[in-house]
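S.K.: Handing you this structure, nothing more for now.
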Amino acid sequence: MATSNLAISGLASGFDWQTVVTQLVAIERSPERQLQAQQSALAQQNIAWGGIKTELGTLQNALAVLKEPNFFDSRTATSSDTTLASATADSGTAVGTYSFSVSQLATAAAWKGTTGISGSLNSTDDVSALTLSAASFAQTVTAGKFTVNGKQITIATGDTLKSVFDQINTATAGAVTAGYSSASDKITLSSGSAITLGSSADTSNFLQVAKLSNNGTNAITSSAKLGSAQAKHVLSAGNFATAISDGGSGSGAFTINGVSISFSASSDSLNDVVNRINSSAAGVTAAYDVINNRLSLTNKTTGDLGISMADSTGNFLAATGLTSGTLSSGKNLLYTINGGPALSSQSNSITGDSSGLPGLSVTALVKGDFSVTVAGDTAKIKTGITNFVNTYNSVQAKLNTESASTTDSTGTVKSGTLAGDQDAGSLNSRLRDLMNSTIGGMSGTLKRLESLGFVSNGYDDSLSTTDLSGLDSALSSNLPGLKDLFSNTSTGLAVQMDTFLTNTIGTSGSLVAHQSNLTKQSTDIDTQISAMESQILVYQQQLTDGFVAMEVARSNTNQQLAYLTKTFGGTSSG
């Protein structure tokens with residue numbers, strides 16, 4: 001029988017020695033299980049301390065607000081009429097009520113180019129080759145139907161203007177004729193009697209695009225020139241009355257307020273150039289006015305400021321009518337404060353620099369008289385203080401939950417993860433002492449939180465927030481004392497507690513060190529368990545080898561017994 005087969009428990013001996021080995025090894029592993037239980041407890045403690053550290057971090061964030069002296073100088077600014085003005089005030093702005101009288105709002109200067117910068121629809125009166133889709137109307141003609149004297153005319157965008165005229169004549173049985181004049185760039189409808197245009201059933205906008213509308217007579221002419229600049233086409237094909245040139249180099253340029261703008265007559269459209277102006281540092285907004293057929297520039301900032309421009313290479317400004325345009329001057333804001341001398345501002349915002357009231361900013365919306373009241377932002381300060389106390393209460397609640405022992409319905413006592421932990425007790429005590437301490441080295445009546453209404457509720461470590469009349473009183477009449485209580489650079493409560501928290505949860509803080517120690521203890525246990533397991537495996541192998549040797553010996557004995565039985569067992573006595 002092979003030796004490896006004898007490793008099967010009891011094959012030769014009939015004795016289940018592998019169960020014995022398993023039980024003996026399990027007994028040897030008892031210390032390991034104790035260490036693993038310790039390691040699990042350490043992990044739970046580390047998790048608990050991590051949660052407490054997070055709560056303390058939130059508390060320190062709340063303290064950071066109260067530490068800043070400027071926080072207690074927070075201000076509100078309230079306009080007496082929000083339709084006339086809005087206002088804001090920085091920390092430390094002088095408290096008081098200020099009267100404003102605005103007689104003129106600031107507006108932006110605008111440079112309006114000359115009108116009619118585009119060419120006409122056609123260079124001659126013959127429009128037999130001019131399709132509706134190719135005509136330089138200000139709007140795109142839509143296919144469909146329109147009505148003349150109750151007769152419907154159906155058109156397609158591929159129709160020529162001449163064919164539309166012919167359809168009008170045919171539909172009205174010759175009563176209405178239509179024609180185009182290149183000299184006036186207008187369409188005229190003529191008849192022997194009054195002409196009536198349009199109906200509610202029309203689906204084409206031809207009459208609107210052609211600027212034809214009822215006048216009660218027998219002759220209707222377009223109300224304005226029909227040709228328009230084609231802002232989407234390249235400049236050289238944009239239908240300008242004066243052809244736009246870039247000097248033949250493909251790199252034209254002009255300046256606005258000293259900023260150079262480039263263009264190419266063969267590859268840039270009017271829209272491209274307008275967008276380039278608007279995104280530049282020229283400080284103006286350019287726009288093409290389709291109705292008045294002109295280009296305009298408007299300053300992005302208000303005030304009585306000019307706009308300068310000049311063609312550098314090519315004739316873009318001249319061809320678009322800008323150089324021959326006119327400036328509509330902007331206006332400055334005119335106002336007075338508390339009945340004082342007339343003041344002005346280029347914008348509608350009145351700041352400390354222009355008003356003589358540092359920290360106050362007022363934006364005028366409409367001309368008129370209004371007042372602005374600057375006061376301490378007591379609501380903001382109260383929220384900051386109560387948030388700090390509430391966060392402190394959350395920290396203490398977390399500490400109590402992790403440290404306390406509880407009894408369930410069966411009477412079983414269950415200890416908190418940090419029950420009996422001296423560090424938890426010390427942290428709890430130190431926080432409580434700080435919150436209930438008297439701030440030394442300070443004058444006045446505000447030396448303790450309890451004077452504001454934050455008093456111990458008598459059964460745990462939290463502070464009550466139910467009666468804050470003391471805080472309200474301090475907010476209304478003793479902001480300096482409140483500021484000193486929290487943010488005094490040497491004795492302030494927020495300053496002292498922030499220092500304590502930094503020493504506790506900062507990079508080199510005691511809690512960080514404590515968690516590192518817990519982690520190290522857990523790692524050391526891993527090392528111990530690994531060493532013990534190596535010894536146990538050796539012990540297990542020794543036991544196995546011994547029992548296998550026993551099985552071998554037993555197997556040999558069984559073989560010898562079988563041989564003797566076979567040889568001598570069948571001989572009878574004589």
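S.K.: List every residue whose amide H lies under 5 Å from the amide H of residue 312, counting only residues 5 or more places away in sequence or on a different chain, with H placed 1.01 Å from N in the peptide plane.
M.R.: HN-HN under 5 Å from residue 312: 253, 254, 255.
S.K.: Same structure again: Could you tell me the relative contact order of the chain? Use alpha-carbon pairs under 8 Å, at least six residues apart, and round to a whole percent.
M.R.: Normalised by residue count, the contact order of the chain is 22 percent.
S.K.: Can you give the angle from 0 to 90° between the axis of helix 17-28 and the longest principal axis of the chain, with both taken from C-alpha atoms, to the nearest 10?
M.R.: The angle comes out near 70 degrees.
S.K.: So who's got an amide H within less than 5 Å of the one on residue 325, skipping anything under 5 residues away but keeping other chains? H placed 1.01 Å off N, in plane.
M.R.: Answer set, sorted by chain and number: 114.
S.K.: Do me a favour and compute the ellipsoid semi-axes for region 144-221 from its Cα gyration tensor, root of five times each eigenvalue, largest one first, whole Å.
M.R.: After diagonalising the Cα gyration tensor, the semi-axes are 16, 15, 12 Å.
S.K.: On to the next question. Under 5 Å between amide H atoms, partner at least 5 residues away or on a different chain: which partners does residue 350 have, H built in plane at 1.01 Å?
M.R.: Residues meeting the amide H criterion: 362, 363, 364.
S.K.: Which order do peptides 150-162, 332-344 fall in by mean Cβ count within 10 Å, highest first?
M.R.: Ranked from most to least packed, the peptides come out as 150-162, 332-344.
S.K.: Per residue of region 511-525, in order, report the coupling 6.51 cos²θ - 1.76 cosθ + 1.60 (Karplus, θ = phi - 60°) as ³J(HN,Hα) in whole Hz, putting x for Gly and Pro.
M.R.: Result, ordered by residue: 5, 4, 5, 5, 5, 5, 5, 4, 5, 5, 4, 5, 5, 4, 5 Hz.
S.K.: With a Förster radius of 25 Å, plug the Cβ-Cβ distance of residue 285 and residue 326 into 1/(1 + (r/R0)^6) and report the FRET value to the nearest 0.05. Spell out each step's value before the answer.
M.R.: Working: r = 17 Å, r/R0 = 0.70.
Working from the Cβ atoms, E equals 0.90.
S.K.: At 222 nm, what value in deg cm²/dmol follows for the chain if DSSP H runs of at least 4 each add -39500 (n - 2.57) and the sum is divided by all its residues, to the nearest 500?
M.R.: -12500 deg cm²/dmol
S.K.: Among the trypsin sites (Lys or Arg not before Pro) in region 169-244, which ones are in a DSSP loop with at most 11 other Cβ atoms within 10 Å of the Cβ? Mind listing them?
M.R.: 232
S.K.: Using only alpha carbons, build the gyration tensor for region 300-407 and give me the equivalent ellipsoid semi-axes, biggest first, whole Å.
M.R.: Each semi-axis is √(5λ); the values are 58, 26, 10 Å.
S.K.: Give the shape of region 1-121 as rounded, prolate or oblate, defined through the alpha-carbon gyration tensor: a ≥ b ≥ c are the square roots of its eigenvalues, a/c under 1.5 means rounded, and otherwise the shape is prolate if a/b is larger than b/c and oblate if not.
M.R.: Note, shape of region 1-121 comes out oblate.
S.K.: Now for a separate question. I need the phi-derived Karplus couplings for region 364-379: 6.51 cos²θ - 1.76 cosθ + 1.60, θ = phi - 60°, integer Hz, Gly and Pro marked x.
M.R.: Computed from phi, the couplings for region 364-379 are 7, 10, 9, 4, x, 10, 7, 10, 10, 9, 9, 9, x, 7, 5, 5 Hz.
S.K.: Turning to a different aspect of this structure: Counting alpha carbon pairs within less than 8 Å and at least 6 residues apart, what relative contact order, in whole percent, applies to region 144-221?
M.R.: 33
S.K.: Moving on to the next point. Please say if region 215-344 is rounded, prolate or oblate, where rounded means a/c under 1.5 for a ≥ b ≥ c the square roots of the C-alpha gyration tensor eigenvalues, and otherwise the choice is prolate for a/b larger than b/c and oblate otherwise? Before the final figure, lay out the partial values.
M.R.: Working: a/c = 3.03, a/b = 1.32, b/c = 2.30.
Here region 215-344 falls in the oblate category.
S.K.: So how far, in whole Å, is the C-alpha centre of region 79-125 from the one of region 501-558?
M.R.: 79
S.K.: Working from the alpha-carbon coordinates of region 412-556, get Rg over Rh, Rh being the Kirkwood radius.
M.R.: 1.42
S.K.: Further question: Strictly greater than 14 Å: what percent of every Cα pair in region 80-143 meets that? Provide the component values of the computation, followed by the final result.
M.R.: On the way: 1567 of 2016 pairs.
When all Cα pairs of region 80-143 are counted, 78 percent exceed 14 Å.
S.K.: For region 554-567, in order, what is each residue's ³J(HN,Hα) by Karplus, 6.51 cos²θ - 1.76 cosθ + 1.60 with θ = phi - 60°, in whole Hz (x at glycine and Pro)?
M.R.: Per residue, the Karplus-derived 3J(HN,Hα) values read 5, 5, 5, 4, 4, 5, 5, 4, 5, 5, 5, 5, 5, 7 Hz.
S.K.: Going through the cross-link list 300/367; 145/225; 211/300; 232/331; 53/414; 112/162, which pairs have a Cα-Cα distance over 25 Å in this structure?
M.R.: Working: 300/367 21 Å; 145/225 23 Å; 211/300 33 Å; 232/331 34 Å; 53/414 23 Å; 112/162 35 Å.
Too far apart for the 25 Å limit: 211/300; 232/331; 112/162.
S.K.: For the chain, what is the convex hull (Cα atoms) projected area averaged across all directions, in square nanometres?
M.R.: Computed as one quarter of the Cα hull surface, the answer is 63.7 nm².
No lab work stands behind these numbers, since they all come straight from the coordinates. For clarity, every value in this text was computed on a predicted model and none was experimentally measured. Every residue, glycine as well, gets a Cβ built from its backbone with ideal geometry; the counts of neighbours run over all protein chains shown.
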